[in-house]
1. Which far-off residues, 5 or more places away or on another chain, put their amide H under 5 Å from the one on SER454, with H placed in the peptide plane?
2. Averaging sequence separations of C-alpha pairs under 8 Å and six or more residues apart, then dividing by the length of the chain, give the relative contact order as a whole percent.
3. Mind ordering 853-865, 610-622 by average Cβ neighbours within 10 Å, highest first?
4. Taking Cα centroids, how far is segment 522-543 from segment 154-205 in Å?
5. What is the sum of charges, Lys and Arg at +1 and Asp and Glu at -1, for the other residues whose Cβ falls under 9 Å from the Cβ of PHE277?
6. Toward the positive end of the charge dipole of the chain, about the Cα centre and with charges on Cβ (Lys, Arg +1; Asp, Glu -1), which of ILE622, VAL703, TRP274 goes farthest?
7. With a Förster radius of 41 Å, plug the Cβ-Cβ distance of GLN129 and ASP821 into 1/(1 + (r/R0)^6) and report the FRET value to the nearest 0.05.
8. I'd like the distance separating the alpha-carbon centroids of segment 103-119 and segment 829-873, in whole Å.
Amino acid sequence: MDSIEPSSLQSGERTPSCPQKGLLQPSDSSELVQECLQQFKVTKAQLQQIQASLLGSMEQALMGEVSPTSGVQMLPTYVESTPHGNEQGNFVVLELGASGASLRVLWVTLTGIKGQKVEPKSQDFVIPQEVVLGTGQQLFDFAAHCLFEFLDAHCVGNQGLQLGFSFSFPCHQTGLDRSTLISWTKGFRCSGVEGQDVVQLLRDAIQRQGAYNIDVVAVVNDTVGTMMACEPGAGPCEISLLVDTGTNACYMEEARHVAVLDEDRGRTCISVEWGSFSHDGALGPVLTSFDHALDHASLNPGAQRFEKMIGGLYLGELVRLVLVYLAQNRVLFGGYTSPALLSQGSILLEHVIEMEDPSTGLAYVHTILQDLGLSPKASDAELVQCVCAAVCSRAAQLCAAALAAVLSRLQRSREQQKLQIAVATGGRVLERHPRFHSILQEMVKLLASECDVSFIPSVDGGGRGVAMVTAVAARLANHRRLLEETLAPFRLSHEQLAAVQTQMREAMDKGLRREPSSLRMLPTYVRATPDGSERGDFLALDLGGTNFRVLLVRVAEGGVQIINQVYSIPECVAQGSGQQLFDHIVDCIVDFQEKQGLRGQSLPLGFTFSFPCKQLGLDQGILLNWTKGFNASDCEGQDVVFLLREAIRRRQAVELNVVAIVNDTVGTMMSCGYEDPQCEMGLIVGTGTNACYMEELRNVAGVAGDSGHMCINMEWGAFGDDGSLGMLSTCFDSRVDQASINPGKQRFEKMISGMYLGEIVRHILLNLTSLGVLFRGQQTQCLQTRDIFKTKFLSEIESDSLALRQVRAILEDLGLTLTLDDALIVLEVCQAVSRRAAQLCGAGVAAVVEKIRENRDLDELTVSVGVDGTLYKMHPHFARLVAATVRELAPRCVVTFLQSEDGSGKGAALVTAVACRLAQMARV
Ligand code: BG6
Ligand code: GLC
Ligand code: GLC
């Protein structure tokens, strides 16, 4: 194996003249020395092997396959861009774990102006050993105590202090301010911290100390701080290398390569955590007996094997172990080992750096060894220098191999042949050990020859970098607060929902008594749900939902057969003249008859007409007012059946026998009731929303008779039109209402149904954009467009199976360009709006089923509700939320929701069938 000696070792500065065979020592000692130092020599092939193996481990971890024992960890840090340069403000930074058992507090001012720097104030505190190995609470209390001492000393006011927490241990981050410690490294071992969110532990400790009002806004690894603090000349610094007590690197990876993030755009900073690399095949050959001894005696045997060959915490210890070995074998100090030399940790990184100093090193060796109770001879001192050099050279070479692996990774992910890149460096080893630095640079050149690397020392360590991340996090936290404030009125409490239920109930009672009420409670003249004996062929029309349909319904022994065709009603027809609308309807019927070979047959027809009608009988319905975007003239106040018959008459040569007019809620209830006799309520949550149910006839004022039941069309969409929902209505609801064709009307419907939810969301998004929370504050033409945000997007966006990137794709199709954060916010807005809708709907259902229960004087009611409507059927969570709300508000009712499969046309046909049967009986 040919070992490599970086040329800087041979030329330039004076380097210790290390023993060659046969020199200085008697031959057996010299062999021992040789053999000992030889162990620290690494060949180029070995370094390349480590580089390749590390790269493999990095790529595996990116794909989500972390090897818990030997691999690197590749931890996302939630930092998505290098500094913009406009970050500003005052920040407190607390640094823990970067530099041995010390803790640092800094006061950092970011000016927001490139190149304009304010010197940070800082203070270091030594963490007592009993705290380093004590409980987590002790450690965090100590940190909070130091923090307050610093703030007191620097007379910093108590006004909304924002803190960045530099915590340099491997952590699973789930946000900029959420970070769970995976395991302690670098000599720390406080109990009860692993597996915990360290931000929360710090917040708790700050709270316990009281005194200052501090908001911990970000937690940052030291490598990330170093990268963020770097101010390179040309391009941004997208990689940083840290060698201090421990060692690690971070770099900007293409987000699409990071499996756990589920993100396909942009870059994200990954903390490599290469300290944990310990792949046997690669590291095995370079591990010495001293490395094994050091590992055995460490706090975390078996872990952080790579770090234990490079990190400053271990370099002194490795030197000490070699010296002990050589002394015990009588090669050093005349065979004498002092108690100090035998104690763990007696040679520190600082000592090693001093002893290796080319000009003053030898003198230092003497004093340092004397302090350890040893009396070195001149030859001893030279050999000690050689040991230091061997240990540190190897560390620098290994570090270079690791950095070369990261550079290769970067090159691959950027798909660049030649990578020109600036590496930010930090940590005491790199700052104070010039030889380490030069070996590193040279080896990197050798191992990553295709990269043009410049090393840029990060000036004020992590302080400024951490403050940068904190500034970004503070902005995001502010956005979150604004988002929460915006959405708060949509989050209804149990009390609010119970109040809606009570109000609904009162409005129902008043409506039934014909007293002023926003609920019209319209009698439908449907007195019974189907009994299964209905038979015959019927035509049905279904007008008022998303689709206009003409149907042929065959009710026979074996079940119901349906043939239907969808026709469109152009907006100009829906909002044109009544005559146009009804002529169009008849045209569609004629077309259907022709296609189905029904010409000339006068089948009984049931008309599902889903608008509020005052019925005077089964085949007479006076349209009270249009809803849901219909506004055909000369219809309100008219009998719809009459208007249809008139249109039939105008169309001559068509025979149609209109028997019944039915609201879609009623059609749905009847349709589901055909399968389940317990179905006594119909519910629609589609373009509009409404409900009907079977009421005791005695409770229905204005309809003759005291026994039996009658189905009541509640027209609950208008609930609250008397202002009673004012407390719940948000400014967004008002905007949607004001822009609609029926302002002030259908206020409940406008908070629930498909025609309006997308618009509510759009108005919220507009508002969040103007607050700067969304789309970087840039208003887009697209979002200003009415109805651009369809309610079906809510269903799609909220679908659990959908990744955020798909959410973004949906929104991008609308012409919006958004970040991952934007996509998350849009998702939250959709969730808040649809959740409120489902809960309000649930409160309504609860009021109805409770009324049915009370009507019948039952302790418990078992009832089914037939439901239809696109929103209810397509939204991934709506149905569940409605049911949950009903369970909460009407605990004494067991409610089953049945989704109508065939639309309400089938129900209209069934109503018609019953009417025909009754008419026939009357004739007989
Ligand atoms: C349909 C019914 O399935 O649902 C219609 O047949 C009803 O009568 C409609 O109006 C309601 O849902 P949407 O989403 O179409 O308005
Ligand atoms: C250790 C830590 C890592 C840190 C490094 C340098 O390896 O696990 O998070 O970046 O030391 O301080
Ligand atoms: C509207 C109509 C109502 C219908 C509901 C569902 O609220 O006024 O009659 O039932 O929409 O389509």
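1. Those lying under 5 Å, H to H, from SER454 are ILE421, ALA422, VAL423.
2. 11
3. Per-residue Cβ counts within 10 Å, averaged per peptide and sorted highest first, yield 610-622, 853-865.
4. Each part's Cα centre sits 67 Å from the other's.
5. -1
6. Among ILE622, VAL703, TRP274, the one farthest towards the positive end of the dipole of the chain is ILE622.
7. For R0 = 41 Å, the calculated efficiency reads 0.45.
8. 57
Values quoted throughout were computed directly from the atomic coordinates according to the rules given, and no laboratory measurement underlies them. Values in this document were obtained by computation on a predicted structure and should not be read as measured data. Ideal geometry is used to build each Cβ from the backbone, glycine not excepted, and the neighbour counts take in all protein chains shown.
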